Amino acid sequence: MKKLLIILLLLPNVAFAHISPQELLTCTNSFRTENVKLDPILSYVARIRARDMVVNDYFAHKNPITGLGAGNILDKIEYNWKRGGENLARRFKNADDVCRAWMDSPTHKDNILGDYERVGFAVRGDLVVQIFSTP
């Protein structure tokens, strides 16, 4: 006799964001005097960070159990960087609202307006991760 295993996926009562990395790049650069360039390696690290937050159920710049953050990942993959920054957002439905919220926060605004050259993004569900770097 065969048994059927039924798994229910329970989602929080929020709509998934419909935000693309290109929209986030355009929005970010609209506030800057010099555009940052989209970096696929930083986007990869942003995806790692987003996945870690979702899988381990936290929302912070460092994993509360391991203490690791984006800088640790950049070091581990031997990415050449001098300085970096990370912006996080969740429960936003479009890129403009995410960027406006970041610009309303002094520390997030500092990242957006900083003298970074590159940026990467990840969107996972309603979570947005933005990572800046200067190689």
Sorted list, accessible surface of protein heavy atoms, 1.4 Å probe, largest first, for Glu86, Glu117, Glu34, Glu78 is Glu78, Glu34, Glu117, Glu86
Per region 66-122, sqrt(5λ) over the Cα gyration tensor eigenvalues, sorted largest first, in Å, gives 23, 14, 10
Taking only the alpha-carbon atoms of region 12-82, the convex hull volume per residue, in cubic angstrom, is 125
Phi-derived 3J(HN,Hα) across region 19-32 with the Karplus relation (6.51, -1.76, 1.60, θ = phi - 60°), rounded Hz, x for Gly and Pro, is 10, 9, x, 5, 5, 5, 5, 4, 5, 4, 5, 5, 9, 9
Sorted list, accessible surface of protein heavy atoms, 1.4 Å probe, largest first, for Ser20, Ser133 is Ser20, Ser133
Counting only protein heavy atoms and leaving out ligands, DNA and RNA, the solvent-accessible surface of His61 at a 1.4 Å probe, in Å² to the nearest 10, equals 90
Result for the chain: accessible area per residue, probe 1.4 angstrom, in square angstrom, of 65
Mean projected area, convex hull of alpha-carbon positions in the chain, reported to one decimal in nm², is 10.4
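The values are calculated or read from the model by the stated rules, or taken from the named source; none is laboratory data. Remember, predicted model here, so these are calculated numbers, not experimental data. Just the protein is used for accessible areas: all its heavy atoms, side chains included, with ligands, DNA and RNA removed. Shrake-Rupley method; radii C 1.70, N 1.55, O 1.52, S 1.80 Å.
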